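Trainee: Quick one: structure below, then a few questions.
The values are calculated or read from the model by the stated rules, or taken from the named source; none is laboratory data. What you see is a predicted model, and the numbers here were worked out from it, not measured in a lab. Backbone-built Cβ (ideal geometry, glycine too); neighbour counts: all protein chains shown.
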Amino acid sequence: MRPSTEPRMPPRLRLLQMAVAAVAVVLVLRLGYLQVVQHGFYEALASGQRDLFQELFPERGDLLVMDRDEAVPIATNRYLNLVWADTREVDDPVRTARVLDEILPLYDAQESPSAVTLEDTSDLELSKPSRYMRILAQLSKENDPYEPIERKVSDTVAKEVERANLPGIHLLKERFRFYPEGASFAHITGFVSPSDDGAYSGKYGLEGYFDEMLAGSGGYTFEEKDTRGRWIGIGTRRIEPAENGPDIVLTLDRAVQFVACGILDKAVEQYEADSGSLIILDPETGGIMAMCGAPTFDPNVYNEVENIEVYNNQAVFSAYEPGSVFKPLVMAAAIDLGVVSPTDSFEDLGEVKIDRFTIRNSDLKAHGWVTMTQVLQQSLNTGMIYVMRQMGEPQMARFVRAFGFGAASGIELNTEVAGNVEALERGGEIYFATASYGQGITVTPLQMAAAYGALAANGLYRTPHIVKEIRYANGEVERPTVATHQVISPKTAQTISAMLVSVVEDGHAKTAAVDGYYIAGKTGTAQVARKDGAGYEQDETIATFIGYGPVRDPAFVILVRLDHPRTSPWATSTSARASGDIAQFLLEYLHIPPDR
């Protein structure tokens, strides 16, 4: 065998060849890792150097009410200032804290509807040292790049901070939800507050019900830029504009709300009630003219309440046994069926026995032979049981549902409840007997006002609503439709209205009368079910009055409810009086001439 004639590669060169091959393999692997495994990271890094993305935030829509012919805001946006500190830049915390304490108002009268009065100055002086110490403690934190000092600072005060030229103190514009009317519309508006994730959202009232709509939808801008940060003319550019939330115009009347709710507040105080609620409804449209509760809260400082239950709007949230204000609805159903008439009579023996139960009149008296009109005038429980028996249980249950009870009305407010009329489905005469005079079932004030609205509007039930129109940013205007259905005939409605006029003029509701006008209405002094067992509280009542007028062409329905009035348990002495004052104002405000 002949030996090979190929030259043998020197060992050093072979080693170098192996090293180059190894480097090549490493480079290939590294390239593969960068291009495949870390592709997303480097793509984002390149995009950050080349692309500009900016989020666009929408404006939250306003809530508006009518003030005569002008829509004015009761919830809107306001841009105020945040004073914040970068403690790394603060050179003298003591001096800086002292200057800020002198400039920043403890309360800014321009931003708070409850401005400080002269009588409050002593409290302000006492509060100043603690505020100075609070600011000093914040400024003394080491290496804190962001320390918020004061929010909701007006532009006037912000300029003073700017002039002070304090190292490390900065200003930032912030958007806040502002309620110009303060507590007057709180149960209608609700409020906007931060959630656990820091995002702001509406709570309660209209802010909660229409939160997503009012918030609008966000947008963005995207464009490619060069190394100096300038837009590349031939590069990609996309714009998705933010869509502002629509403005919502309400059926509420600002003047009516202000005056009527003031009367409610006065009544709660005068009659030493725990709380109260008010509804004024236009029977021709079903629109709410005024709605409020007492006590209330200021949505600008919603977090300062002692009990969060005050956030709930009692007019839609607080279901209760209505008592005698329920009687006219049962009477109207029986008249519509033709089983009784206003002049029909029955003998009142003072009590009715059903199974093991004995039901008596509230005055514990027997009234002998009385007409159906007198049953309402004297508010006789026994008379209503007679009416229920003439009508029959299935028919009564049908009319109760037709008047809107047992289901939420669908009004555009958060936390509405449906009430409970399930007792009428259990079977057993006792349930229908108690329901005929407003016990054993629960309803909301709104449901009662809407049902009386049907009596006032020739028997036509209109779904109660609080939104008049929705105005979108593109100029489109949406007017919600109102569902209606005929509950009783126009003739029956006129008949029951005449009977209720006699209740005001000759019965228990004389204090609700207004000179020169025919006002229909009914009082109800309801017992309060015990929370810890069966039966009712001994010394606690809910006094309700519901009325409407003028009867020939009703322009309003008024409901006033007072919880546990201590000066008198009776509605005739409390809620009926307040309703009379409100009716007097409305007749003058609406320029309605006397009809008698």
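Trainee: Please work out which residue is surrounded by the fewest Cβ atoms within 10 Å (Cβ to Cβ), limiting yourself to region 246-302 and to residues that are of a type in the set (S, T, N, Q) and touching a Gly at 6+ places or on another chain (Cβ under 6 Å). Reasoning before the result, please.
Mentor: Pass one, region 246-302, residues of a type in the set (S, T, N, Q): 251, 257, 270, 275, 277, 285, 296, 300.
Adding the requirement that they be touching a Gly at 6+ places or on another chain (Cβ under 6 Å) leaves 251, 277.
On the way: THR251: 21, SER277: 26.
The qualifying residue surrounded by the fewest Cβ atoms within 10 Å (Cβ to Cβ) is THR251.
Trainee: Among the residues of region 71-92, write down those that are under 30 Å from LEU250 (Cβ atoms) and of a type in the set (Ser, Thr, Tyr).
Mentor: THR76, TYR79
Trainee: Let me spell it out: the conditions are (1) in a strand (DSSP E or B); (2) closer than 30 Å to PHE210 by Cβ, and ALA408 meets all of them except one. Which number is the exception?
Mentor: Status for ALA408: all satisfied but (1).
Trainee: Still on this structure, please answer the following. Which ones in region 374-418 are closer than 27 Å to GLN314 by Cβ, among the β-branched types (Val, Ile, Thr) and either at pLDDT 95 or above or buried (at least 19 other Cβ atoms within 10 Å of the Cβ) (or both)?
Mentor: VAL400, ILE411, VAL417
Trainee: Quick check on this structure: which one of GLU272, GLU309 is under 26 Å from the mean Cα position of the chain (by Cα), outside any helix (DSSP H, G or I) and either outside the structural domain of SER379 (by TED's automatic domain parsing) or more than 30 Å from LYS152 (Cβ to Cβ) (or both)?
Mentor: Working: GLU309 fails: outside any helix (DSSP H, G or I).
Step by step, each of GLU272, GLU309 is checked, and only GLU272 is under 26 Å from the mean Cα position of the chain (by Cα), outside any helix (DSSP H, G or I) and either outside the structural domain of SER379 (by TED's automatic domain parsing) or more than 30 Å from LYS152 (Cβ to Cβ) (or both).
Trainee: So, in region 342-356, of the ones that are surrounded by fewer than 17 Cβ atoms within 10 Å (Cβ to Cβ) and touching a residue at least 40 places away in the same chain (Cβ under 8 Å), which residue ends up nearest to GLY404 (Cα to Cα)?
Mentor: Residue satisfying both the conditions and the ranking: ILE354.
Trainee: Within region 284-303, can you find the residues that are under 26 Å from THR463 (Cβ atoms), more than 12 Å from the chain's Cα centre (by Cα) and in contact (Cβ under 8 Å) with a residue 40 or more places away in the chain?
Mentor: GLU284, THR285, GLY286, GLY287, ILE288, MET289
Trainee: Same structure again: Specify which of the listed residues (VAL340, VAL305, VAL316, VAL370) is of a type in the set (A, V, I, L, M, F, W, C) and touching a Gly at 6+ places or on another chain (Cβ under 9 Å).
Mentor: Working: VAL340 fails: touching a Gly at 6+ places or on another chain (Cβ under 9 Å); VAL305 fails: touching a Gly at 6+ places or on another chain (Cβ under 9 Å); VAL316 fails: touching a Gly at 6+ places or on another chain (Cβ under 9 Å).
VAL370 is the lone residue from the list that is of a type in the set (A, V, I, L, M, F, W, C) and touching a Gly at 6+ places or on another chain (Cβ under 9 Å).
Trainee: Moving on to the next point. Take the conditions closer than 21 Å to ALA267 by Cα and not basic (Lys, Arg) and apply them to ILE582. Does it pass?
Mentor: The answer is yes for ILE582.
Trainee: Something else now. Looking at region 560-596, which of the residues that are touching a residue at least 12 places away in the same chain (Cβ under 8 Å), charged (D, E, K, R) and out of contact with any Ser or Thr (no Cβ under 8 Å at 6 or more places or on another chain) is surrounded by the most Cβ atoms within 10 Å (Cβ to Cβ)?
Mentor: ASP581
Trainee: For region 319-349, which residues satisfy the criterion of being outside any strand (DSSP E or B) and over 44 Å from the mean Cα position of the chain (by Cα)?
Mentor: THR343, ASP344, LEU349
Per-residue answers, yes or no, for (1) assigned to a helix (DSSP H, G or I); (2) assigned by TED's automatic domain parsing to the domain that holds GLY286; (3) closer than 11 Å to GLY521 by Cα; (4) in contact with a strand residue (DSSP E or B) (Cβ under 8 Å, 6 or more places away or on another chain):
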| site | (1), (2), (3), (4) |
| --- | --- |
| ALA543 | no, yes, no, yes |
| ILE546 | no, yes, yes, yes |
| VAL551 | no, yes, yes, yes |
| LEU559 | no, yes, yes, yes |
| ARG566 | no, yes, no, no |
| ARG577 | yes, yes, no, no |
| ASP581 | yes, yes, no, no |
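Trainee: Among the candidates THR117, THR96, THR121, which residue alone is more than 30 Å from ILE411 (Cβ to Cβ) and modelled with pLDDT of 90 or more?
Mentor: Selected residue: THR96, the only one of THR117, THR96, THR121 that is more than 30 Å from ILE411 (Cβ to Cβ) and modelled with pLDDT of 90 or more.
Trainee: While we're here: Taking SER362 as the residue in question, decide whether it is touching a Ser or Thr at 6+ places or on another chain (Cβ under 7 Å), modelled with pLDDT under 95 and closer than 25 Å to GLN447 by Cβ.
Mentor: Yes: the conditions hold for SER362.
Trainee: Here are TYR437, TYR461, TYR431: which of them is within 27 Å of the chain's Cα centre (by Cα) and assigned by TED's automatic domain parsing to the domain that holds VAL352? Steps first, answer last, please.
Mentor: On the way: TYR437 fails: within 27 Å of the chain's Cα centre (by Cα); TYR431 fails: within 27 Å of the chain's Cα centre (by Cα).
The unique qualifying residue is TYR461.
Trainee: Is region 516-533 home to any residue that is of a type outside the set (A, V, I, L, M, F, W, C) and part of a helix (DSSP H, G or I)?
Mentor: no
Trainee: Moving on to the next point. Out of curiosity, is VAL557 within 30 Å of PRO246 (Cβ to Cβ) and touching a residue at least 40 places away in the same chain (Cβ under 8 Å)?
Mentor: Yes; evaluated as a whole, the condition is true for this residue.
Trainee: Now, a different point. With respect to THR481, determine if the residue is assigned to a loop (DSSP other than H, G, I, E, B), surrounded by fewer than 22 Cβ atoms within 10 Å (Cβ to Cβ) and hydroxyl-bearing (Ser, Thr, Tyr).
Mentor: yes
Trainee: Could you give every pair whose Cβ atoms fall below 7 Å, whose first residue belongs to region 162-189 and is in the same structural domain as ALA294 (by TED's automatic domain parsing), and whose second residue is among the hydroxyl-bearing types (Ser, Thr, Tyr) and surrounded by 14 or more Cβ atoms within 10 Å (Cβ to Cβ), counting only separations of at least 6 or pairs across chains?
Mentor: The qualifying pairs do not exist here.
Trainee: I want to confirm something. Restricting to region 357-375 and keeping residues that are within 21 Å of TRP570 (Cβ to Cβ), not in a helix (DSSP H, G or I) and not charged (D, E, K, R), which single residue is nearest to the chain's Cα centre (by Cα)?
Mentor: Top of the filtered list is SER362.
Trainee: May I pose another question? Which one of these does ARG398 not meet: (1) farther than 30 Å from ASP62 by Cβ; (2) in a loop (DSSP other than H, G, I, E, B)?
Mentor: (2)
Trainee: So, one more: For region 440-462: of the residues being part of a loop (DSSP other than H, G, I, E, B) and out of contact with any strand residue (DSSP E or B) (no Cβ under 7 Å at 6 or more places or on another chain), which is surrounded by the most Cβ atoms within 10 Å (Cβ to Cβ)?
Mentor: THR444
Trainee: So, one more: Just to check your reading of the model, which residue among LEU172, LEU206 is of a type in the set (A, V, I, L, M), exposed (fewer than 15 other Cβ atoms within 10 Å of the Cβ) and either modelled with pLDDT of 90 or more or over 13 Å from the mean Cα position of the chain (by Cα) (or both)?
Mentor: The conditions single out LEU172.
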